[in-house]
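Below is one structure, written out as structure tokens; comments come after it.
The values are calculated or read from the model by the stated rules, or taken from the named source; none is laboratory data. Quick caveat: nothing in here was measured; it's all calculated off a predicted structure. All Cβ positions, glycine included, derive from the backbone under ideal geometry; neighbour counts span all protein chains shown.
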């Protein structure tokens with residue numbers, strides 16, 4: 001963990017290094033992924049069989065080994081603990097309600113010269129969701145990706161997930177039942193992303209691919225951007241807590257550890273105006289790490305990427321927060337509004353002392369798929385818009401064309417595009 | 001030009017080949033671009049100087065050779081033909097009015113359990129627009145990219161454009177004045193895109209890069225997606241005209257040629273239910289090509305990629321149009337509404353006999369930067385949203401946290417994330 005004070009002589013240099021640090025994948029991953037994508041594109045299911053044997057120790061042979069049926073998902077749903085089932089349903093209902101409010105409105109109007117103008121939104125036909133296997137197989141991620149797609153109106157919702165040595169995650173299947181997933185394919189990694197983008201003999205291609213994954217999955221999505229739509233380029237998780245000295249250090253320590261436990265490359269940052277509180281949180285983290293079952297991962301993250309910045313006043317925290325453009329920002333003060341009003345770049349903000357980031361991961365309603373790695377400067381969290389697209393339209397009456405057509409002819413001629421000009425001038429009176 | 005009838009025995013195979021055909025860049029471009037990006041990232045301005053000398057024959061030495069001042073743009077604006085100046089102003093005003101209607105609304109509400117939820121939109125700080133030099137230096141493209149950025153509220157709007165052998169395009173400068181561009185840098189190609197994304201000693205980095213360009217520029221944007229936001233992966237232009245036999249064949253021929261004249265890789269397609277009309281359009285294209293100053297390019301495009309499909313009824317055109325997911329779709333019939341209602345995938349639609357696509361290129365108001373290469377299946381035209389991002393927020397009262405916190409704790413525990421669970425349970429009564 002790095003402790004900085006804005007009054008330190010070398011603060012700017014050290015903070016700039018934190019902002020620049022990308023904690024992301026290397027060129028070798030790029031080359032490996034390019035080769036996998038090419039194999040799946042050329043050889044389809046045969047390549048999937050080979051990679052799945054090699055990477056997952058799972059043999060794709062009969063239909064059951066290739067996919068998981070809706071019936072199996074329903075069975076898993078009924079088999080899990082009743083309280084857990086209810087928690088999944090509560091989460092799904094709240095996520096659905098929040099995302100329904102994102103559905104965009106169409107436009108259709110006629111302007112003063114008689115030109116009809118507008119835009120119409122429609123859903124993509126098919127969406128593919130990547131669901132990681134093993135440690136990072138999160139039913140909450142399935143809900144957060146699948147529900148916006150369903151709310152958007154996608155016809156076909158396809159999940160791919162690795163089943164290492166044939167093992168399936170019952171909780172993920174139960175979540176797939178809740179979210180009404182249409183197909184689940186038992187393939188993972190870059191090869192699964194390639195199958196979704198290009199299609200194979202068994203797996204029909206989709207239009208948009210979303211969902212978290214390891215470095216290979218993220219790189220596959222990046223390389224296939226343009227062949228399909230993707231949600232975003234995702235990196236390791238981050239939390240930035242802006243807190244005054246009146247918080248319980250244990251609460252803030254738990255918030256910092258809730259990101260650190262995700263992955264050794266996760267980053268947890270505290271900015272406070274109270275040096276004594278900073279020291280208390282540091283101690284509370286050390287104590288928490290003694291008891292936490294995920295301490296091994298959390299400690300690696302905290303040691304390598306943890307950061308505490310002591311500022312003069314919390315107003316000074318805002319320009320630093322904008323430079324970090326963090327995925328999650330907690331503002332743990334009595335009245336978070338003035339600070340929140342000044343903050344420009346953040347994926348999601350958690351207001352006040354009673355809003356731990358984790359409540360947003362599961363159940364509050366907004367999406368937990370958020371921009372990482374300083375990308376909140378230009379990117380947004382996942383929404384129904386990621387599963388929709390907009391078609392603009394124009395309808396000119398003869399009068400409307402006569403009113404503005406000549407100006408368009410002039411511009412077309414000036415650009416050296418005579419057929420453009422002709423297509424208008426032929427229609428003018 | 002290829003002529004197909006849906007009644008032909010091999011129609012499906014031939015049409016499927018058209019749909020699959022991507023007309024896009026190859027792997028060598030990818031490798032060249034990767035090397036250019038790396039050089040600019042490592043060596044900054046020095047690399048820009050070398051590439052600009054080599055590719056543009058332009059020597060970057062003093063300040064004037066690096067950039068074009070706002071004063072020079074204003075001078076160009078006053079120097080151009082008055083009618084052209086007025087046409088630029090009309091176009092800008094109409095584009096601005098249409099895009100102002102795209103500004104999204106923030107959300108902020110408290111739900112039934114007392115949880116405050118919402119989302120707040122904000123503009124990116126800086127946007128970079130690529131403006132091609134030479135043949136494809138279009139003032140209309142500058143307006144179509146710059147105005148949405150300004151409407152979004154971007155602080156800093158930066159143009160890069162090559163000036164081959166030092167030559168500048170006065171019309172582009174005039175458009176930059178109209179659109180209130182803040183900086184213009186005289187660099188082009190993949191090296192300009194790299195400078196915008198990474199920043200150099202002279203050029204400060206931006207958050208989003210948009211604008212058309214050749215295969216190298218398009219590939220540079222694709223490779224830098226994630227480092228910055230980009231508008232889209234753009235390919236060659238396309239038009240699909242759906243027309244009955246009651247149109248003037250000369251009008252439709254001009255519409256087809258208006259895309260064909262852009263580039264030899266452009267694609268113009270007519271779908272009609274009238275075989276006699278199809279033959280008339282074919283003849284009208286041949287006659288148009290005899291007179292058109294851009295005939296050389298248009299003929300290459302029409303010969304290699306032109307397509308006429310004769311269908312039984314125009315209803316049969318719609319599933320074919322959805323498979324093509326064309327950038328521009330004209331529906332040239334008396335009442336376009338029933339066909340338009342059935343169409344799902346298109347970048348922009350031009351309704352009725354009096355709406356040539358070119359009116360949308362310049363002056364109607366909607367954006368002319370649209371998804372190509374079948375990407376209208378999942379992508380939308382450029383809008384103010386490309387220059388904005390959304391921050392979601394959550395504010396829990398103690399009661400709200402008590403109401404749903406336990407369900408979140410249950411899910412966190414089931415996912416094996418104990419610090420997530422603790423950060424909530426510590427705050428529960």
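Descriptive notes on the structure:
- Beta carbons closer than 7 Å, at least 6 apart along the sequence or on distinct chains, pair a first residue in region B:109-126 that is in contact (Cβ under 8 Å) with a residue 40 or more places away in the chain with a second that is part of a strand (DSSP E or B) and surrounded by fewer than 17 Cβ atoms within 10 Å (Cβ to Cβ) for B:116/B:110; B:117/B:109; B:118/B:108; B:118/B:109; B:125/B:156; B:126/B:156.
- Helices (runs of 4 or more DSSP H) enclosed by region B:159-224 - at least 2 residues per element that are over 20 Å from the mean Cα position of the chain (by Cα) and within 14 Å of another protein chain (Cβ to nearest Cβ): B:170-178
- The set of residues in region B:404-429 that are touching a helix residue (DSSP H, G or I) at 6+ places or on another chain (Cβ under 7 Å), in a helix (DSSP H, G or I), over 10 Å from residue A:362 (Cα atoms) and more than 7 Å from every other protein chain (Cβ to nearest Cβ) comprises B:413, B:421, B:425.
- Among the residues of region A:93-111, those identified as more than 10 Å from chain B (Cβ to nearest Cβ) and buried (at least 20 other Cβ atoms within 10 Å of the Cβ) are A:95, A:99.
- Lone qualifier among B:332, B:346, B:341 - being facing chain A (nearest Cβ under 7 Å) and within 30 Å of residue A:396 (Cβ to Cβ): B:346
- Which listed residue is within 10 Å of chain B (Cβ to nearest Cβ), in contact with a strand residue (DSSP E or B) (Cβ under 7 Å, 6 or more places away or on another chain) and within 30 Å of residue B:401 (Cα to Cα), from A:351, A:320: A:351
- The numbered conditions (1) crowded, with 22+ Cβ neighbours inside 10 Å; (2) in a helix (DSSP H, G or I); (3) more than 10 Å from chain A (Cβ to nearest Cβ) are all true for residue B:140 except (3).
- Residue match in region A:199-212 (condition: modelled with pLDDT under 95 and surrounded by fewer than 24 Cβ atoms within 10 Å (Cβ to Cβ)): yes
- As a summary of the residue check, residue B:387 satisfies the conditions (1) facing chain A (nearest Cβ under 7 Å); (2) in contact (Cβ under 8 Å) with a residue 60 or more places away in the chain except for the one numbered (1).
- Only one of B:33, B:18 that is touching a residue at least 12 places away in the same chain (Cβ under 8 Å), in the same structural domain as residue B:265 (by TED's automatic domain parsing) and within 26 Å of the chain's Cα centre (by Cα): B:18
- Condition check for residue A:233: over 17 Å from residue A:162 (Cβ atoms), modelled with pLDDT of 95 or more and under 16 Å from the mean Cα position of the chain (by Cα): no
Yes/no per residue for (1) touching a helix residue (DSSP H, G or I) at 6+ places or on another chain (Cβ under 8 Å); (2) closer than 30 Å to residue A:268 by Cα; (3) surrounded by 15 or more Cβ atoms within 10 Å (Cβ to Cβ):
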| residue | (1), (2), (3) |
| --- | --- |
| A:9 | no, yes, no |
| A:12 | no, yes, no |
| A:18 | yes, yes, yes |
| A:46 | no, no, no |
| A:54 | no, no, no |
| A:60 | yes, no, yes |
| A:83 | yes, no, no |
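- Flag if residue A:368 is more than 7 Å from every other protein chain (Cβ to nearest Cβ) and either in a helix (DSSP H, G or I) or within 30 Å of residue A:228 (Cα to Cα) (or both): yes
- Test: residue in region A:74-86 that is in a helix (DSSP H, G or I), more than 30 Å from residue A:152 (Cβ to Cβ), away from every other protein chain (no Cβ under 14 Å) and in contact (Cβ under 8 Å) with a residue 40 or more places away in the chain: no
- Test: residue A:401 is at pLDDT 95 or above, in a loop (DSSP other than H, G, I, E, B), within 11 Å of chain B (Cβ to nearest Cβ) and crowded, with 22+ Cβ neighbours inside 10 Å: no
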